[in-house]
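Q: I am attaching a structure below and will ask some questions about it afterwards.
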């Protein structure tokens, strides 16, 4: 392979899915998955790989240069996007883990997220259109009436139509409660007329599908202020007749698109609703429950953004290692005193190996975390034992903000590290890493900035059931650490200590909150999330090593399995110590940034 | 001010120059600076500020979109670049710290670097042309014959001509010794014919000045292999007659330019030498001393790149704080339970304050380090006491790689943090932070990648005089820590401990090297540099706090002075603990990345 071509990390994906999580056994008991086995999962991965490598990666590079364009009041996607969309639609990739009765393939989320990772890694901008379509459909699946499901689901999951989510307004970004778009009853039951302007809408318009189904937050007359007064509406681009045929154009129009750092193939739209005529919207779920419904969609979207982070890190790793085994530069250090020494492949240089090792361990542990959460989603959806179901649900709830923020932060960092491995070449458009860097930067911002994730973790997730969700995680983590220690891993001690530090740090922040020192506590929200993420990935590294060691005993050593033992050593000695330092920083109680003398208002 | 306009941080610059380093007194004893006083320095800063804010920043934004273009075999710079060049040339800004006898203004480097920081912050791409011109001139100043000085210096320092440096070739990037460009004696004394191709040459061609003076590394016939066989040549674009008039076009031609992530106004050229006729070059200094001469220029260039990092961090800080006091979003945490609460300026939110504080402390401590090194350069050049001169020289030598790498790494990180403060807006081209992010990414790559800086620090600088250069720094640092402790700063203990850890870590790495475990030692070169940088900035924070406290006692409290005390608290509690963790990681002796099972060659 070359340092310009995308390659999916199929072997490592298989390791996580089939040897670590063992989804082919763990999910076999669920009725919805009884038709599937490892062969089906494997064939799916290979088919996705083929599309990503052969179709999506080429349009990703070209689409970045061409960009989505705003032409004659509509969005024109880059060359090849439409064909790729049709291919993905026909192949069932938009509804890969959607129910079969609504046109989906019905595969587990664990597999769906693996596919999602590949799509993001090969073509982030393009895959955003797919992700939002699936997300909008799943919200209708969860909360729609039978009629709404019948009208929209199959067409969305099969890609005949596309979907979006409309939250942000110029004055309402992180503060969703400040949404001002109005929804006035039209007189016809369930039908409202929407009026307002939404910004930063990914895929807000496109030429990919014949219709677009927007899910829009808006405020009904007399609704309370803030998030409690928001309702969610289905707003189609073209109205749909009772027999499902497309009718009149609805008055929702793109009025401009953003010029951006990256994901240039993905149109980021400003949409005007009801500016020139009625914009019909149909209430989804109950009035004033818009936030709850939006969060259902948002939770999935955040896992998807976590997948983008994993994808960016892995693509960064694969490009960097390909470059490092090809690029010849400078003599081997062992040969440095020899005046006749020749330049060697840069993979032989320790500093490059350190960068590659960082890329490897970060991408592999993040993948492990991502697939685990996806697997837990499957459990939370289909487990019949109520206790186990609730536990899985709670675990996903707790960890989603950490996955979203930590993986997106690290995905960007890893993209930057790959640029560094390429040196001057990495800064040019000749290699794909500069685009990767630009594209990866969005993930820390959208679907709730990482600052918002940190506040969600500290202010909501840690408080759920008086902290029991978190304490349950700590206990499970310590149980697992003990098991790993018994399996002969000294590194388990380091991980266990880090978990202990994390618990103590959470306790400290909880006490600040009880003492009403909210600002002091939230000053440490982001460091706490990063600390949590750092510990979580340490646990993933430990579990992967435990699994690898067992497999090596039965199946012998392979580079992949040995690599997992090396990952654990590298992570616990080079990365995990940072978590302990973060814990100390957080518990220092430093309030210097809150000092009133800083940054007075104009 | 608005969040889109560049503003130089004049107050903080003045604090460092006039209250912390007190250059108006410290340099007053040097004959070369006897005509200058604080008023002159101050007027210079204000004049530079004006140019940066009014002229350079506007062309920076426009130039990024327009980009340097390769047209009809030459480089056309973006609109406004030529006018800005003329303005800077006439104002003496290219030779601001060059000797007056050669057309310079003759100001100290301490002031020159402050000006440099402003120019980089307002227009990095444009200022690269200026920096390279001054750099080439100073190399001729240091090593040229009287005739060469007379021919080139004044024209370079006054911007009538521009200058460049030609090191990199397709097969010789980090490994300069693999340079293959040939220099064959022409028959005329001192005149050679050069033949080869150079890549990644910043300002390799442009329409800014009437001539370009290239300094090119090349290999004479029979020269030894590697760096020891390299010589440096002056290669003008247009030959220069004895009376200084421009003559024939020399056969050095730009054959293409790179398309890049950023610094789009700066042409990154591929140059062909002697492809279609003789390319005349004149030996600079002695044959085979090319590396030494190039390193003289390189050392200054690396300080300039450090200045770019400071500039990026400061610009990031200024944009972010301007945005944060204007942008209204979400209620104040103290008001969160009030259903009537209104959205407030985001500067009131703790997570935003934490980001701003990080931006503030990083940019201000990096500035402090930069100006200190610049001041030490002045001492090393003009001090008459030989011991003091040597000490200053050694200190600059030791710290240059740390300044270059740490400030460029952190400059990029801070640009990314500013993007985060802007949220979705930061990802659009509507605000200047996305360009800042792209432009800032180059600094970790060029003038020796940061990996090369780390190897220089560990492999060369730490070994000089058997480590005495470093031990001397440690002793001075501990002496200062003691003084700060006596001045009542408890944080001095934290800084002192960190210095101690750094010393022990250096010792550990030195022992590895003595045991010939070179690869194991160099695996930790980059973390060691980052640890050093983190400690260095802690010392700067401490010194600034000591100075501020003294001033507060005599002059009363000001936000700037109080901010220095807050900086110290924030840095020692939130950032410095990371250095201790790095020390532990480095000393863990982890060699996992060296395992032979990883990344086999194809």
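Q: Can you spot a residue in region B:48-62 that is in a loop (DSSP other than H, G, I, E, B), within 30 Å of residue B:542 (Cβ to Cβ) and touching a helix residue (DSSP H, G or I) at 6+ places or on another chain (Cβ under 9 Å)?
A: no
Q: Out of (1) touching a strand residue (DSSP E or B) at 6+ places or on another chain (Cβ under 8 Å); (2) buried (at least 18 other Cβ atoms within 10 Å of the Cβ); (3) modelled with pLDDT of 95 or more, the odd one out for residue B:287 is which?
A: (2)
Q: Take residue B:356 and tell me if it is more than 14 Å from chain A (Cβ to nearest Cβ) and touching a residue at least 24 places away in the same chain (Cβ under 8 Å).
A: For residue B:356, the condition - more than 14 Å from chain A (Cβ to nearest Cβ) and touching a residue at least 24 places away in the same chain (Cβ under 8 Å) - is not met.
Q: How many residues are within 20 Å of the chain's Cα centre (by Cα) and not in a helix (DSSP H, G or I) if we restrict to region A:138-160?
A: Residues in region A:138-160 being within 20 Å of the chain's Cα centre (by Cα) and not in a helix (DSSP H, G or I): 0 in total.
Q: Restricting attention to strands (runs of 3 or more DSSP E) lying wholly within region A:161-207, give those where 1 or more residues are at pLDDT 95 or above, within 20 Å of the chain's Cα centre (by Cα) and closer than 21 Å to residue A:262 by Cβ.
A: A:161-166, A:191-202
Q: In region A:135-152, is there at least one residue being closer than 13 Å to residue A:89 by Cα, in the same structural domain as residue A:53 (by TED's automatic domain parsing), touching a strand residue (DSSP E or B) at 6+ places or on another chain (Cβ under 8 Å) and touching a residue at least 12 places away in the same chain (Cβ under 8 Å)?
A: no
Q: While we're here: What about residue B:242, is it more than 23 Å from the chain's Cα centre (by Cα), part of a loop (DSSP other than H, G, I, E, B) and on the phi < 0 side of the Ramachandran plot?
A: For residue B:242, the condition - more than 23 Å from the chain's Cα centre (by Cα), part of a loop (DSSP other than H, G, I, E, B) and on the phi < 0 side of the Ramachandran plot - is met.
Q: Follow-up. What about residue A:601, is it in contact with a strand residue (DSSP E or B) (Cβ under 7 Å, 6 or more places away or on another chain), at the interface with chain B (Cβ under 8 Å from one of its Cβ atoms) and farther than 19 Å from residue A:372 by Cβ?
A: Spelling it out, residue A:601 is indeed in contact with a strand residue (DSSP E or B) (Cβ under 7 Å, 6 or more places away or on another chain), at the interface with chain B (Cβ under 8 Å from one of its Cβ atoms) and farther than 19 Å from residue A:372 by Cβ.
Q: Condition check: crowded, with 22+ Cβ neighbours inside 10 Å and more than 30 Å from residue A:65 (Cα to Cα). Does residue A:532 satisfy that?
A: yes
Q: Also: For the subset of region B:426-456 comprising residues that are more than 8 Å from every other protein chain (Cβ to nearest Cβ) and under 13 Å from the mean Cα position of the chain (by Cα), which member is farthest from residue B:165 (Cα to Cα)?
A: Across region B:426-456, the extreme among qualifying residues is B:440.
Q: Tell me whether region A:182-190 contains one or more residues that are away from chain B (no Cβ under 14 Å) and over 23 Å from residue A:247 (Cβ atoms).
A: Yes: one or more hits.
Q: Tell me, which residue of region B:255-279 that is buried (at least 21 other Cβ atoms within 10 Å of the Cβ) and away from chain A (no Cβ under 14 Å) is nearest to the chain's Cα centre (by Cα)?
A: B:265
Q: Of these, A:474, A:481, which one is part of a helix (DSSP H, G or I), buried (at least 24 other Cβ atoms within 10 Å of the Cβ) and at negative phi?
A: That would be A:481, the only listed residue that is part of a helix (DSSP H, G or I), buried (at least 24 other Cβ atoms within 10 Å of the Cβ) and at negative phi.
Q: Also: Considering region B:291-338 alone, what residues qualify as being under 19 Å from residue B:408 (Cα atoms) and touching a strand residue (DSSP E or B) at 6+ places or on another chain (Cβ under 9 Å)?
A: B:297, B:298, B:301
Q: Still on this structure, please answer the following. Hey, can you tell me all the residues within region A:495-508 that are crowded, with 21+ Cβ neighbours inside 10 Å and within 14 Å of chain B (Cβ to nearest Cβ)?
A: Across region A:495-508, the qualifying residues are A:498, A:505.
Q: Right, residue B:240: away from chain A (no Cβ under 14 Å), farther than 30 Å from residue B:438 by Cβ, in contact with a helix residue (DSSP H, G or I) (Cβ under 7 Å, 6 or more places away or on another chain) and in contact (Cβ under 8 Å) with a residue 12 or more places away in the chain or not?
A: Against the criterion (away from chain A (no Cβ under 14 Å), farther than 30 Å from residue B:438 by Cβ, in contact with a helix residue (DSSP H, G or I) (Cβ under 7 Å, 6 or more places away or on another chain) and in contact (Cβ under 8 Å) with a residue 12 or more places away in the chain), residue B:240 qualifies.
Q: List the residue pairs whose Cβ atoms are under 8 Å apart, where the first residue sits in region A:562-590 and is more than 7 Å from chain B (Cβ to nearest Cβ), the second is buried (at least 24 other Cβ atoms within 10 Å of the Cβ) and in a loop (DSSP other than H, G, I, E, B), and the two are 6 or more positions apart or on different chains.
A: Here the result reads A:586/A:524, each pair linking region A:562-590 to a residue that is buried (at least 24 other Cβ atoms within 10 Å of the Cβ) and in a loop (DSSP other than H, G, I, E, B).
Q: Also, quick follow-up: Select, from B:107, B:21, B:132, B:111, the only residue that is surrounded by fewer than 24 Cβ atoms within 10 Å (Cβ to Cβ) and within 24 Å of residue B:305 (Cα to Cα).
A: Checking each option against the conditions leaves just B:21.
Q: Test of understanding: among B:380, B:368, which residue is surrounded by 23 or more Cβ atoms within 10 Å (Cβ to Cβ), outside the structural domain of residue B:215 (by TED's automatic domain parsing) and under 27 Å from residue B:546 (Cβ atoms)?
A: Checking each option against the conditions leaves just B:368.
Q: Sticking with this one: Residue check, residue B:143 against (1) away from chain A (no Cβ under 14 Å); (2) in contact with a helix residue (DSSP H, G or I) (Cβ under 6 Å, 6 or more places away or on another chain); (3) farther than 30 Å from residue A:343 by Cβ, all met but one. Which one?
A: Looking at each condition in turn, residue B:143 falls short on (3).
Q: On to the next question. Restricting region B:335-347 to residues that are more than 7 Å from every other protein chain (Cβ to nearest Cβ) and surrounded by fewer than 21 Cβ atoms within 10 Å (Cβ to Cβ), which is farthest from residue A:520 (Cα to Cα)?
A: B:340
Q: How many residues are touching a helix residue (DSSP H, G or I) at 6+ places or on another chain (Cβ under 6 Å), more than 17 Å from residue A:373 (Cβ to Cβ) and free of Cβ contacts under 8 Å to residues at least 60 places away in the same chain if we restrict to region A:97-129?
A: 4
Here's the yes/no breakdown for (1) touching a residue at least 60 places away in the same chain (Cβ under 8 Å); (2) closer than 21 Å to residue A:169 by Cα; (3) under 22 Å from the mean Cα position of the chain (by Cα); (4) more than 7 Å from chain A (Cβ to nearest Cβ):
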| site | (1), (2), (3), (4) |
| --- | --- |
| B:321 | no, no, no, no |
| B:330 | no, yes, no, no |
| B:361 | yes, no, yes, yes |
| B:377 | yes, no, yes, yes |
| B:380 | no, no, yes, yes |
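Q: Would you check if there is a residue in region A:220-230 being surrounded by fewer than 13 Cβ atoms within 10 Å (Cβ to Cβ) and within 14 Å of chain B (Cβ to nearest Cβ)?
A: yes
The values are calculated or read from the model by the stated rules, or taken from the named source; none is laboratory data. Worth saying up front: this structure is predicted, and the values here are computed from it rather than measured. A quick note on method: Cβ atoms are made from the backbone with ideal geometry, for glycine too, and the neighbour counts reach across all protein chains shown.
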